[in-house]
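Peer 1: First the structure, then my questions, so here it is.
The values are calculated or read from the model by the stated rules, or taken from the named source; none is laboratory data. Quick caveat: nothing in here was measured; it's all calculated off a predicted structure. Cβ placement follows ideal geometry from the backbone for every residue including glycine, while neighbour counts extend to all protein chains displayed. These area figures cover heavy atoms from the full protein model, side chains too; ligands, DNA and RNA do not enter into them. Shrake-Rupley method; radii C 1.70, N 1.55, O 1.52, S 1.80 Å.
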Number of protein chains: 2
Amino acid sequence: MSEKYVEMYKSLGMNIEKHNILLDALGQFYSSIYLTQKSRPKKMDYFDFVVSEIHGLRIKELNDLRAQGKKVVGAFCVYAPEEIAYAAEASMVGLCGGADFSVPDAEAILPRSLCPLIKSFYGFKLNGTCPYFESSDLVVGETTCDGKKKVYELLNDLIPTYVLEIPHKPDTQQGKEFWFKELEAFKAKIEQLTGNKITAEKLKDSIELINNKRKALQRLSDLRANSPSPISGLDALLIYQISFNDDPKRFTAKVNELCDELEERVRNGVGVADKDATRLLVSGCPMAIPNWKLHSIVQATGATIVAEESCVGTRLFSDLVEPKGDSIDDLLWALVEKYSKIPCACFTPNDRRIKSIQSLAKQFKADGIIYYTLQNCHDYNVESVKVDRAMKAQDLPMLKIETDYTMGDAPQIQTRVEAFLEIIQGKKQA
Amino acid sequence: MSEKYVEMYKSLGMNIEKHNILLDALGQFYSSIYLTQKSRPKKMDYFDFVVSEIHGLRIKELNDLRAQGKKVVGAFCVYAPEEIAYAAEASMVGLCGGADFSVPDAEAILPRSLCPLIKSFYGFKLNGTCPYFESSDLVVGETTCDGKKKVYELLNDLIPTYVLEIPHKPDTQQGKEFWFKELEAFKAKIEQLTGNKITAEKLKDSIELINNKRKALQRLSDLRANSPSPISGLDALLIYQISFNDDPKRFTAKVNELCDELEERVRNGVGVADKDATRLLVSGCPMAIPNWKLHSIVQATGATIVAEESCVGTRLFSDLVEPKGDSIDDLLWALVEKYSKIPCACFTPNDRRIKSIQSLAKQFKADGIIYYTLQNCHDYNVESVKVDRAMKAQDLPMLKIETDYTMGDAPQIQTRVEAFLEIIQGKKQA
């Protein structure tokens, strides 16, 4: 792949040599984790292809759009309102931040005590190996955590970075009004960037575009509630990850095609594991591509991950934007209402998340919860205390895993997961 | 002291035995660090007395007020608007959070990767050894960092905790309007707690009360700019710390009395160190009482700390509340304007802090900066990158110290400070 796109990478100012090392490692990692899975749906072909071209064809598409005068906005978070970008004919893409590869570069400047996701993305910009960064005309950050918020200031020295402020008490009237004004300011910024006026009509269309993506992901997610699940946790996670990078319209169509096949599988009782395999719900920090660490460890034990209560999971698609009118204000208010329902741990209090975990555990017939937190992520780390208490009250077993992107602790995590599965088995038999 | 107040402690539901251990340790620590200093101003007598009675007479005062129906509000942060509490005849006091003593208790529940201040305060509430917690009718928290924000949720299970949201982009119009509404909501909360209506007149009086405290602290701070400084860094830090706990009116008078003596000292050329002692500015995280670690290490080297760019330092008193009118709205807006000038690292961007450090370095004729950050405080830790770049650009030597409340790394810090002082000496002689 690299040879084919080397001129493009050069024109983007990337570090070609280092990028080649990354691509080789990723290709091998993907093959060993993904392509060795048994009983995969055929329609995963498309997503395998997307991964194989994630630093190739997709980057070419984005830069072809840029050559036509369109803009690309890079983002990190489900609170970055895609609808506003697409309403101005800009594309929004997720930036690299899921690999340990770039962490040492970041640690030359940043404190080591930050979470791996932050160090990873800053390192990717520093070392010039993320073509999404190099294809972005603007980065949109948000104030969802201290670490990101402060590193965006440093990122802004390397690439124009706009920070959208997210209120942390989501249910106050003043917080929602503030959020509305922040969206208005972001809309003005995007209009200025693109030179395109965001009309109510265009915003309505882009709301539909992104809602359709969410509906397809909901359909996929709901299918995983079947026993046996017709798709592996690794494959579903991959699709959620790709949703941040692919063209939304094409992606939606491909997810729906896959869902047609999965429905067929369900009718025929075809699944990816035994009917009595342990079903696990993962809840916590986002897993940016290519962070497949926990899923690959869990899947190797024979257990099935049936849902992710995560920003690369249910928080991404659980609610739709539902305008109550046709004016720009109605549409922006609908965005505020939708985004303030996403139960990120940046919110205080965040009881909505506990309710969401409880409801997902029921819907997906989960036998247990794996609480996943990235090292030094204070929000998710502290919130685990309340989640743990709520799960204990419901007698739902929970295992907390705190980890980074390195593989050093993988054997230890595997041992802990196996012990957890034994506890669940013991509980089932009791 | 403990014997005298044992009935009071019992009535507050404190853990008497554990509290005795704490008091013994604190007494010894204070004696060895503070009372061994040479050339102390006589008027430090009052502050020595306050420390000796900080868990005694002051707690009795607060509970005598409570017996009269008055309320006590506990707080952690300079963004907690004292003016609003005092306008409703409530007292505001700083809560315990500066000692390692309570950290192990907190770590039984909280992640270890939180900053020591957060673990310390939560541990103090858990183990029942902080009489300020046990005398508070309400705790007012704020959203200045992820760790505090999320731990306040857990604290609220132990003591009523109200969280004031602080916008993180301080200079946007929408952020200031939001802050205004948050202050209105806090005012309503305090009115409900106390049963007292906050009139414009009362708020104006309390603004004056707290402004007078700030003016006295500014006066004290300005005196430290003299060479030699008439007061030690340890003593000045102690006074800033006590400002969170003492009665504001009495405290103001006592600080002014001390300043009279310090002015006399300046006239007579009396100081706490040689005229050519290295002068250091400390900048960074707050040092809650009894966190005297860095100051005692630095002072033992012979260098003088002349200012603290900190919430227990200049951020506490640098600006006054200056209303532009007499209505409640005018007064609340004046609070917004004042508080949004405090350059906490929770703000993004926070260029105001860099300007403040530069200006303080000049005013206090600092030879170097010690950047002080508590472990796992992402805000101050990441912001050190920008501060370091700004100091380098001005050729101002900076040493970054990242530490917690334990004394294990004290010898290492001492060695680093000594090496830093040598660099400064070398630079002076060059």
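Peer 1: Can you work out which of the residues in region A:168-204 that are away from chain B (no Cβ under 14 Å) and in contact with a helix residue (DSSP H, G or I) (Cβ under 7 Å, 6 or more places away or on another chain) is most open to solvent (accessible area, probe 1.4 Å)?
Peer 2: The selected residue is A:197.
Peer 1: Scan region A:163-204 for residues that are touching a Gly at 6+ places or on another chain (Cβ under 8 Å) and of a type in the set (Asp, Glu) and jot them down.
Peer 2: A:165
Peer 1: Return the pair list, or none, for Cβ contacts closer than 6 Å from residues in region A:406-430 that are outside any helix (DSSP H, G or I) to residues that are of a type in the set (S, T, N, Q), at least 6 apart or on different chains.
Peer 2: Taking only residues 6 or more apart or on different chains, the pairs are A:409/A:403.
Peer 1: Shifting gears a bit: Output the qualifying pairs, or none if there are none: Cβ atoms under 9 angstrom, residues six or more apart or on different chains, first residue in region B:245-263 and open to solvent by 50 Å² or more (accessible area, probe 1.4 Å), second residue part of a loop (DSSP other than H, G, I, E, B).
Peer 2: From region B:245-263, the pairs are B:254/B:43; B:254/B:246; B:257/B:43; B:260/B:43; B:263/B:230.
Peer 1: Only one of A:275, A:254 is in a loop (DSSP other than H, G, I, E, B) and among the basic types (Lys, Arg). Can you tell me which?
Peer 2: A:275
Peer 1: What number of residues in region A:143-155 are surrounded by fewer than 24 Cβ atoms within 10 Å (Cβ to Cβ) and among the acidic types (Asp, Glu)?
Peer 2: Selection size over region A:143-155: 1.
Peer 1: Could you identify the single residue in B:361, B:345 that is open to solvent by less than 20 Å² (accessible area, probe 1.4 Å) and out of contact with any strand residue (DSSP E or B) (no Cβ under 6 Å at 6 or more places or on another chain)?
Peer 2: When all the criteria are applied, what remains is B:345.
Peer 1: Give the residues of region A:17-32 that are of a type outside the set (D, E, K, R), open to solvent by 30 Å² or more (accessible area, probe 1.4 Å) and more than 18 Å from residue A:120 (Cα to Cα), sorted by residue number.
Peer 2: A:27, A:28, A:31, A:32
Peer 1: Next up: Just for region A:267-295: of the residues that are farther than 16 Å from residue A:235 by Cα and free of Cβ contacts under 8 Å to residues at least 60 places away in the same chain, which one is surrounded by the most Cβ atoms within 10 Å (Cβ to Cβ)?
Peer 2: The selected residue is A:277.
Peer 1: Name the residues in region A:343-368 that are more than 14 Å from every other protein chain (Cβ to nearest Cβ) and touching a helix residue (DSSP H, G or I) at 6+ places or on another chain (Cβ under 6 Å), would you?
Peer 2: Scanning region A:343-368 gives A:367, A:368.
Peer 1: Tell me the helices (runs of 4 or more DSSP H) entirely within region A:37-136 that contain at least 3 residues that are within 21 Å of the chain's Cα centre (by Cα) and under 20 Å from residue A:150 (Cα atoms).
Peer 2: So the answer is A:116-127.
Peer 1: Might you let me know whether region A:94-107 holds any residue that is in contact with a helix residue (DSSP H, G or I) (Cβ under 6 Å, 6 or more places away or on another chain) and either facing chain B (nearest Cβ under 10 Å) or within 22 Å of residue A:196 (Cα to Cα) (or both)?
Peer 2: no
Peer 1: Exactly one condition in (1) out of contact with any Leu (no Cβ under 9 Å at 6 or more places or on another chain); (2) closer than 30 Å to residue A:201 by Cβ; (3) open to solvent by less than 10 Å² (accessible area, probe 1.4 Å) is not met by residue A:336; state its number.
Peer 2: Among (1) out of contact with any Leu (no Cβ under 9 Å at 6 or more places or on another chain); (2) closer than 30 Å to residue A:201 by Cβ; (3) open to solvent by less than 10 Å² (accessible area, probe 1.4 Å), the lone unmet condition for residue A:336 is (1).
Peer 1: Just wondering, is there one or more residues in region A:218-231 that are over 24 Å from residue A:85 (Cβ atoms), open to solvent by 10 Å² or more (accessible area, probe 1.4 Å) and in contact with a Pro (Cβ under 9 Å, 6 or more places away or on another chain)?
Peer 2: Checking region A:218-231: at least one residue is over 24 Å from residue A:85 (Cβ atoms), open to solvent by 10 Å² or more (accessible area, probe 1.4 Å) and in contact with a Pro (Cβ under 9 Å, 6 or more places away or on another chain).
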